[in-house]
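Structure first, commentary second.
The values are calculated or read from the model by the stated rules, or taken from the named source; none is laboratory data. Not measured: the values here are computed from a predicted model. Glycine also receives a Cβ, built like all others from the backbone with ideal geometry; neighbour counts cover every protein chain displayed.
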Amino acid sequence: MLTIWGRLNSHNVKKVAWLAREIDLPHQRIDIGGAFGFTDAYLEMNPNRMIPTIEDDGFVLWESNAILRYMAHRYAPHLLPDDPLVRAAGDKWMDWQFHFADAMRAAFLGLVREAEENRDAAAIDRSARAGGDMMRILDRELAQRPWLSGEDFGIADIPMGVYAHTFFTLDIPRPDLPRAGAWYDRLKARPGYRELVMIALS
Ligand SMILES: N[C@@H](CCC(=O)N[C@@H](CS)C(=O)NCC(=O)O)C(=O)O
């Protein structure tokens, strides 16, 4: 059985846990990282001191988006478009998500992990605006097709799908994003998203 290692209030762990739920893949998840700390045995598997890591029949893998691709190839090929051009177009958003995470880091850490009196309001504002500008790019893309994966939901929607919940939930100014907002609403209709992504941010 698949084991997912990592605390669930991590964006990168949510991606993997959501996909497992999306495809009803039997698995266990073990809390580690953050307040749970790390064990030597875990650091043997993943010396980066990062989560998530999976173990599947003795096969160990880290890097959340690599895990999504592995799980889809092995267990849910219907979540990978057949057309190489459509697949590449979706893949791009999976890589782009890490830039979005960088842009949003100060806003997320400031508002979610920092006590109010210690917050750097200017840094939070700059970060939120940078995230909003990037979301405008995603909004434009979603004028062409309903999902980042193409005509159907697929794994390319998962990385930014996880971050969309944070972006639309944080108390920050947001530009008008009609298509991204409608995509977020479509994600919210998925039980796995509601159960594993739409949890408290802290
Ligand atoms: N590129 C890595 C990034 C992993 C990452 O940054 N994980 C964060 C949590 S989202 C982490 O491990 N932080 C340390 C901790 O939780 O103790 C991936 O996608 O798996």
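Values for this structure:
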{"item": "Output for segment 9-21, where each listed residue is touching a Leu at 6+ places or on another chain (Cβ under 8 Å) and either surrounded by fewer than 21 Cβ atoms within 10 Å (Cβ to Cβ) or in contact (Cβ under 8 Å) with a residue 60 or more places away in the chain (or both)", "result": "9, 14, 15, 17, 18, 19, 21"}
{"item": "Residue check, residue 104 among the aliphatic types (A, V, I, L, M) and either in contact with a Lys or Arg (Cβ under 9 Å, 6 or more places away or on another chain) or without any contact (Cβ under 8 Å) to a residue 40 or more places away in the chain (or both)", "result": "no"}
{"item": "From the options 88, 122, 106, 66, residue that is surrounded by fewer than 17 Cβ atoms within 10 Å (Cβ to Cβ), closer than 18 Å to residue 163 by Cβ, out of contact with any Gly (no Cβ under 9 Å at 6 or more places or on another chain) and of a type in the set (A, V, I, L, M, F, W, C)", "result": "66"}
{"item": "Condition check for residue 18: in the same structural domain as residue 153 (by TED's automatic domain parsing) and modelled with pLDDT of 95 or more", "result": "no"}
{"item": "Which numbered condition residue 93 fails, given (1) buried (at least 19 other Cβ atoms within 10 Å of the Cβ); (2) farther than 22 Å from residue 168 by Cα; (3) among the aromatic types (Phe, Trp, Tyr)", "result": "(2)"}
{"item": "Lone qualifier among 61, 43, 79 - being aliphatic (A, V, I, L, M) and within 29 Å of residue 137 (Cβ to Cβ)", "result": "79"}
{"item": "When residues of segment 163-200 are limited to those that are basic (Lys, Arg) and not in a helix (DSSP H, G or I), the one nearest to residue 12 (Cα to Cα)", "result": "190"}
{"item": "Wholly enclosed helices (runs of 4 or more DSSP H) of segment 1-111 bearing at least 2 residues more than 15 Å from the ligand (Cβ to nearest atom) and within 26 Å of residue 128 (Cα to Cα)", "result": "84-108"}
{"item": "When residues of segment 127-168 are limited to those that are small (Gly, Ala, Ser) and surrounded by fewer than 19 Cβ atoms within 10 Å (Cβ to Cβ), the one nearest to the chain's Cα centre (by Cα)", "result": "130"}
{"item": "Meets criteria (crowded, with 21+ Cβ neighbours inside 10 Å and out of contact with any helix residue (DSSP H, G or I) (no Cβ under 6 Å at 6 or more places or on another chain)) for residue 171", "result": "no"}
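Residues are listed down the side, and each one gets a yes or a no for (1) touching a Phe, Trp or Tyr at 6+ places or on another chain (Cβ under 8 Å); (2) over 29 Å from residue 21 (Cβ atoms):
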| site | (1), (2) |
| --- | --- |
| 78 | no, no |
| 81 | no, no |
| 84 | no, no |
| 104 | yes, no |
| 108 | no, no |
| 112 | no, no |
| 118 | no, yes |
